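*Asks:* Below: one structure in structure tokens.
Laboratory data are not the source of any read-out in this text; all were calculated from the coordinates shown. What you are looking at is a predicted structure, and each value in this text was computed from that prediction instead of being measured. Don't worry about glycine lacking a Cβ; one is built from the backbone with ideal geometry, like all the others, and counts go over all protein chains shown.
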Amino acid sequence: MRPGFLQNLVLGSVVSAGVAMAGSAVPQTDATVAQKAVHEIRMYPRYSIFDNINVRVQDGNLELLGQVSQPYKKTDLQRIMDRVPGVRSVTNQLEVLPLSSFDDRLRMQVASAIYRDPVLSRFGMGALPSIHVIVDNGHVTLEGVVSTEMERNVAGIRASSAGLGFGPVVNHLVVENPSKKKNS
């Protein structure tokens, strides 16, 4: 036997076993993949209150849904999702909102009206506020989560009173802890 042959054979077997073990790693559940994807979206430094991004995962195939305020965000998020462990493929259905100075001004006015309100100001304190303002050609939609029905209603009123919008504000805010109705 050649010197070092056995050592190389053993080392090659260990490397092969390591590769086989890595390939048979514990499969990611769709819920875990979605959770990791949402985390990556929240960590994306350009994700703002003017974007609304949702994910759906089925059999490792991730779907990006919603709206972004700039074209580069759609591209960036595609690239980020491609690297999430457990993702087999990405279908990027993010809508890029029209680039418009009018829409930009309306976004700022609506966000200011919402986050200046004493009832809602606490929602603007985190790194990524929970109320998102989506403006598409002058049409305003609120997305996100609030704690109570009253906060949802106040947000809708403040957004409507910001002015300049075309048509009524669409309020898609979800109430995190809806109060249960009591039977009479």
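*Asks:* Answer rounded, prolate or oblate for segment 67-184, using the Cα gyration tensor with square roots of eigenvalues a ≥ b ≥ c: rounded when a/c is under 1.5, else prolate when a/b is larger than b/c, else oblate. Provide the component values of the computation, followed by the final result.
*Replies:* Values: a/c = 2.16, a/b = 1.31, b/c = 1.65.
The shape class here is oblate.
*Asks:* Which whole-percent values make up P(r) of segment 30-96 when all C-alpha to C-alpha distances are grouped in 5 Å steps starting at zero?
*Replies:* Result returned by the calculation: 4, 20, 35, 25, 12, 3.
*Asks:* Here's another thing I want to ask about it. In whole Hz, what ³J(HN,Hα) sequence does segment 147-152 give by Karplus (6.51, -1.76, 1.60; θ = phi - 60°), x for Gly and Pro?
*Replies:* Per-residue couplings from phi come out as 7, 9, 5, 4, 5, 4 Hz.
*Asks:* Would you grab the residues whose amide H sits under 5 Å from the one on SER147? Only those 5+ places off in sequence or on another chain, please, with H modelled 1.01 Å from N.
*Replies:* GLU176
*Asks:* For segment 48-184, what is the charge dipole size about the Cα centre, in debye to the nearest 20, if Lys and Arg each add +1 at the Cβ and Asp and Glu each add -1 at the Cβ?
*Replies:* Values: 15 positive and 14 negative charges, 69 e Å.
Dipole of segment 48-184, to the nearest 20 debye: 340 debye.
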